[in-house]
Amino acid sequence: MELNGFKFNKKFGQNFIFDKNLLSAIVKDANVTNNSQVLEIGAGAGTLTKTIAGNVKKVVSFEIDENLKSILGETLKDCNNVEVVFKDALKTNIEDIEKHFTENYSIIANLPYYITTPLIFKFLEETNKVNSITIMVQKEVAERLVAKNNCKDYGIITILVDFYGTAKITRVVSRKMFTPVPNVDSAVVHIEIQKGKYNCDSKLFTKIVQSAFNMRRKTLLNNLSQSFNLSKEKTQNWLRLANISVNARAEQLTTVDYVNLTNSYFDNISQ
């Protein structure tokens, strides 16, 4: 990096990892095999990319910073199973991403905070070809991804992750493991995708969850009534049909409760 005169770009949230033991541990947490194909979001200096490449069949890494081209060329020069694409993965169509793969794939990434939630939404909602997502994120974000209902960390992203799979924190990582050193610690989260985990309309489910948390201080009754343009009486009936208290708040409901709400709306209210 010094030889290439590379300077960290704050707008990309760049914090790189160079510890080989940690890099190997992240790949181990992903449960990939030598037959796996992997999408990496953010190649950085290529250290994680190279470690992944040594354990899988193919790696496609999307990197937004073209200033890293020469560094990646050096880091990955011996990796014949790596393809680096200099594009913003968030702004690239799923179809354009998946044309690089011949089968289902896993995602491994060391993510900056600002793209964590939209990236997870993108790959959970827009494709069914992802086997798992293993990401390094800020510790507080990791805690949101695995939170249980009735706590402050529980929210839309928690429920949507649980709808599509099962998430767990595999390790907490000190801020001192990164260059430059960030202000907070991080954690690795592994999301094992479970296709068809719940039987309901996914788009309607997402709309209901987002509506429920629209104004967190309001009751579920008020939020759903407003978002779906329903009378309070009809919304109360909807909640009762789904076996949910009319006084409940969004953070009290489990994923199963939201599935019941979705199916109840589809079967009874939308008619």
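Just so you know, all these numbers are worked out from the coordinates, no wet-lab data involved. Just so we're clear, the structure is a prediction, and the values are computed from it rather than from any experiment. Virtual Cβ from ideal backbone geometry, glycine too; neighbours counted across all protein chains shown.
Here are the numbers:
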{"item": "Rough spin-label spacing in nm, given labels placed 7 Å along Cα→Cβ, for residue 19 and residue 185", "result": "1.1 nm"}
{"item": "0 to 90° range, to nearest 10: angle between helix 20-29 axis and the chain longest Cα axis", "result": "40 degrees"}
{"item": "Highest-MSF residue in the chain out of 230, 72, 39 [GNM, Cα springs under 10 Å]", "result": "230"}
{"item": "Residue among 104, 212, 64 farthest towards the positive dipole end of the chain, charges placed on Cβ", "result": "212"}
{"item": "Qualifying chymotrypsin sites (Phe, Trp or Tyr not before Pro) for region 87-128 [loop in DSSP, other Cβ within 10 Å: at most 10]", "result": "none"}
{"item": "Net charge dipole size for region 128-259 [Lys, Arg +1 and Asp, Glu -1 on Cβ; Debye, nearest 20]", "result": "140 debye"}
{"item": "Dimensions in Å of region 176-271 - Rg and Dmax from alpha carbons", "result": "17.4, 56"}
{"item": "Estimated FRET transfer efficiency when R0 is 30 angstrom, pair residue 83-residue 28 (beta carbons, to 0.05)", "result": "0.85"}
{"item": "Fraction of antiparallel bridges per DSSP, the chain only, in percent to nearest 5", "result": "50 percent"}
{"item": "Computed E for residue 231/residue 202 - FRET, C-beta separation, R0 25 angstrom, nearest 0.05", "result": "0.40"}
{"item": "Highest-first arrangement of 29-35, 251-257, where packing means the average Cβ count within 10 Å", "result": "251-257, 29-35"}
{"item": "FRET efficiency estimate (nearest 0.05) - Cβ-Cβ, residue 125 to residue 172, R0 35 angstrom", "result": "0.80"}
{"item": "Selected from 263, 22, 166, residue furthest toward positive end of dipole (the chain; charges at beta carbon)", "result": "263"}
{"item": "24 Å Cα-Cα threshold exceeded, pairs from 148/218; 91/207; 20/87; 50/197; 91/197; 129/197", "result": "20/87; 50/197; 91/197"}
{"item": "Alpha carbon convex hull of the chain, volume per residue in cubic angstrom", "result": "131 Å³"}
{"item": "Rounded if a/c under 1.5, otherwise prolate or oblate - region 58-205, Cα gyration tensor axes", "result": "oblate"}
{"item": "Helix 255-264 vs. the chain, principal-axis angle (Cα, 0 to 90°, nearest 10)", "result": "50 degrees"}
{"item": "All aspartates and glutamates inside 15 Å of residue 176 as judged from Cα atoms, apart from same-chain residues fewer than 8 positions distant", "result": "19, 185"}
{"item": "Using alpha-carbon coordinates, inclination of helix 202-212 to the longest axis of the chain, degrees", "result": "70 degrees"}
